[in-house]
Amino acid sequence: MNDYEGQNGKRGRACVVVLGDLGRSPRMQYHALSLARQASLEVDIIAYGGSEPHIAVLSHPSIHIHTMTQWPKIFQGLPRIFRPIMLLLKPIIQFFMLLWFLCLKIPSPDVFIMQNPPSVPTLVAVRWASSLRNSAFIIDWHNFGYTLLSLSLGRNSRFVSVYRWIENHYGKMADGSLCVTKAMQHELAQNWGINATVLYDQPPEFFHPTSLEEKHKLFCRLDKDLRQPLGSGDCVSGGSLGMGNYELNETLFTTQVDTDIFLKPNRAALVVSSTSWTPDEDFSILLEAAVMYDRRVAAVLNEDDSTNEEFLWKEISDGKQYVYPRLLFIITGKGPEKEKYEEKIRRLHLKRVAFRTMWLSAEDYPLLLGSADLGVCLHTSSSGLDLPMKVVDMFGCGLPACAVSYS
């Protein structure tokens with residue numbers, strides 16, 4: 001039996017706390033699933049809404065999701081002069097909202113498990129709630145919150161110093177700690193006085209290589225979005241929106257003849273990257289690589305700038321094969337810098353490279369990874385100690401990954 005089973009055989013209870021979009025917090029979703037499936041606990045999840053969690057989480061009878069109200073977006077557009085006020089006001093409001101949910105909205109749990117970062121006010125609120133409800137308090141260290149804050153405020157900011165003190169002080173009060181790498185475990189032990197257990201990310205069962213039939217069905221569902229260029233036209237859309245074949249027996253990558261499905265011989269190479277569009281992922285690296293590929297292929301084939309791209313796209317659409325494939329980059333995710341990079345992409349005007357930005361459901365994302373030819377991860381850790389889970393997901397799908405180097 002698990003350690004949190006109550007007296008008289010009563011089922012134990014855990015509360016998973018995420019001060020963020022639950023649909024974009026896969027590790028915490030997997031914690032909830034493991035607690036419900038393997039530890040046979042009732043699980044309450046307290047988080048913000050936004051993106052849809054995986055169907056396995058939504059459908060599990062022992063998992064109960066409690067959605068908090070998001071911080072109003074109207075405050076994000078206020079002049080910079082009000083930023084210090086917002087930096088104080090926002091965590092205070094979040095703190096009382098968290099306490100309301102942690103202490104009053106849910107049944108008393110045996111254990112709280114919280115994601116860090118964000119550290120403020122989550123660490124304080126969960127620590128108080130664990131004391132008031134006589135529950136254990138466990139922190140899952142994904143990164144250090146103060147290093148993320150320093151990306152926007154600078155490491156010498158007083159707000160960053162206060163944030164680090166709170167993170168350190170309340171982090172030591174936890175009954176247990178998990179972390180994602182041995183490097184983070186060492187940092188917590190040596191410089192924070194916190195003993196953490198390394199719990200490596202593992203891809204769940206729905207991250208697996210995608211079958212040809214699954215690929216065809218996925219590309220049928222995504223066909224309209226994949227044929228929609230970010231600019232006026234590209235090597236995938238064919239230069240005009242009216243050229244797409246919307247019949248369900250043919251997609252950009254597959255063709256179905258009777259009951260047989262085939263990959264198109266002249267299909268584009270599919271490269272997938274997921275991102276939260278934040279400063280710790282520099283997508284200009286990917287854009288520069290796309291430009292280099294486009295220019296080098298043109299040079300090898302003795303093409304110059306006068307080569308008509310519409311004529312080239314028409315040849316490709318008619319089935320002509322080239323030694324060097326077209327590249328289609330699908331970048332999934334939501335975040336603050338998405339529009340900035342979309343505008344940069346529109347200005348590129350590449351002949352053999354196309355980009356699509358989209359948000360996929362939790363069910364379609366693993367299928368896309370399993371259908372791709374290459375995965376790209378541009379995550380650079382603000383602390384230098386965490387690892388991106390997206391690479392683990394790619395490996396689960398049998399997808400080769402090209403990532404920024406880690407020590």
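The values are calculated or read from the model by the stated rules, or taken from the named source; none is laboratory data. Only a predicted model underlies this, so the values are computations on that prediction, with no experimental measurement involved. Every residue, glycine among them, receives a Cβ derived from its backbone with ideal geometry; neighbour counts consider all protein chains shown. Please note that ligands, DNA and RNA were not included when accessible areas were found on the heavy atoms of the full protein model with its side chains. Shrake-Rupley method; radii C 1.70, N 1.55, O 1.52, S 1.80 Å.
Does Phe95 satisfy the condition of being assigned to a helix (DSSP H, G or I), surrounded by fewer than 22 Cβ atoms within 10 Å (Cβ to Cβ) and touching a helix residue (DSSP H, G or I) at 6+ places or on another chain (Cβ under 6 Å)?
Working: assigned to a helix (DSSP H, G or I): yes; surrounded by fewer than 22 Cβ atoms within 10 Å (Cβ to Cβ): yes; touching a helix residue (DSSP H, G or I) at 6+ places or on another chain (Cβ under 6 Å): yes.
So Phe95 fits the description; yes.
Considering only residues that are at pLDDT 85 or above, under 21 Å from Ile345 (Cα atoms) and either among the aliphatic types (A, V, I, L, M) or in contact with a strand residue (DSSP E or B) (Cβ under 8 Å, 6 or more places away or on another chain) (or both), which ones fall in segment 218-233? Quick ask: steps written out before the conclusion?
The first filter runs over segment 218-233 and keeps only residues at pLDDT 85 or above, leaving 218-229.
Narrowing the set further to residues that are under 21 Å from Ile345 (Cα atoms) leaves 222-229.
Passing the criteria: Leu222, Asp225, Leu226, Gln228, Pro229.
(1) open to solvent by less than 20 Å² (accessible area, probe 1.4 Å); (2) part of a loop (DSSP other than H, G, I, E, B); (3) under 22 Å from Ser161 (Cβ atoms): which one isn't true of Pro109, the others all being true?
(3)
Looking only at residues that are more than 18 Å from Ala269 (Cβ to Cβ) and not charged (D, E, K, R) in segment 214-229, which one is surrounded by the most Cβ atoms within 10 Å (Cβ to Cβ)?
Among those that are more than 18 Å from Ala269 (Cβ to Cβ) and not charged (D, E, K, R), it is Cys220.
When you scan segment 265-287, do you find a residue that is in contact with a strand residue (DSSP E or B) (Cβ under 7 Å, 6 or more places away or on another chain), at pLDDT 90 or above and β-branched (Val, Ile, Thr), even just one?
yes
Take segment 365-407 and flag every residue that is in contact with a strand residue (DSSP E or B) (Cβ under 9 Å, 6 or more places away or on another chain) and without any contact (Cβ under 8 Å) to a residue 24 or more places away in the chain.
Pro388, Val391
Filter segment 266-288 down to the residues that are farther than 15 Å from Arg326 by Cβ and small (Gly, Ala, Ser), then identify the one that is farthest from the chain's Cα centre (by Cα).
The qualifying residue farthest from the chain's Cα centre (by Cα) is Ser284.
Identify the single condition in (1) closer than 26 Å to Phe112 by Cβ; (2) in a helix (DSSP H, G or I); (3) in contact with a helix residue (DSSP H, G or I) (Cβ under 7 Å, 6 or more places away or on another chain) that Met184 does not satisfy, given that it satisfies every other one.
(3)
Residue pairs, Cβ under 7 Å, 6 or more apart or interchain, first in segment 197-222 and closer than 27 Å to Glu250 by Cβ, second open to solvent by 70 Å² or more (accessible area, probe 1.4 Å). List them.
Short answer, once both residue conditions are applied: Cys220/Leu248.
Which members of segment 118-147 meet the condition of being under 20 Å from Asp21 (Cα atoms), part of a loop (DSSP other than H, G, I, E, B) and either charged (D, E, K, R) or open to solvent by 20 Å² or more (accessible area, probe 1.4 Å) (or both)?
Pro118, Val120, His142
Within segment 332-377, how many residues turn out to be assigned to a loop (DSSP other than H, G, I, E, B) and either within 16 Å of the chain's Cα centre (by Cα) or closer than 18 Å to Gly50 by Cα (or both)?
Residues of segment 332-377 that are assigned to a loop (DSSP other than H, G, I, E, B), as a first pass: 333-337, 347-352, 359-363, 372-373.
Imposing the further condition that a residue be either within 16 Å of the chain's Cα centre (by Cα) or closer than 18 Å to Gly50 by Cα (or both) reduces the set to 333-337, 359-363.
The qualifying residues number 10.
Please work out if Arg356 is open to solvent by less than 20 Å² (accessible area, probe 1.4 Å) and of a type in the set (Lys, Arg). Quick ask: steps written out before the conclusion?
Numbers: open to solvent by less than 20 Å² (accessible area, probe 1.4 Å): yes; of a type in the set (Lys, Arg): yes.
Answer is yes for this residue.
So Ser150 ticks every box in (1) open to solvent by less than 40 Å² (accessible area, probe 1.4 Å); (2) assigned to a helix (DSSP H, G or I); (3) modelled with pLDDT of 95 or more but one. Which box is left unticked?
(3)
With the condition kept exactly as written, say whether any residue in segment 164-182 is modelled with pLDDT of 95 or more, closer than 22 Å to Lys390 by Cβ and in contact with a Cys (Cβ under 8 Å, 6 or more places away or on another chain).
No, segment 164-182 has no match at all.
Does Trp277 count as surrounded by fewer than 20 Cβ atoms within 10 Å (Cβ to Cβ) and in contact with an Asp or Glu (Cβ under 6 Å, 6 or more places away or on another chain)?
Working: surrounded by fewer than 20 Cβ atoms within 10 Å (Cβ to Cβ): yes; in contact with an Asp or Glu (Cβ under 6 Å, 6 or more places away or on another chain): yes.
Yes.
When only residues in segment 68-90 that are basic (Lys, Arg) and either within 19 Å of Phe159 (Cα to Cα) or modelled with pLDDT of 75 or more (or both) count, which is surrounded by the most Cβ atoms within 10 Å (Cβ to Cβ)?
Lys90
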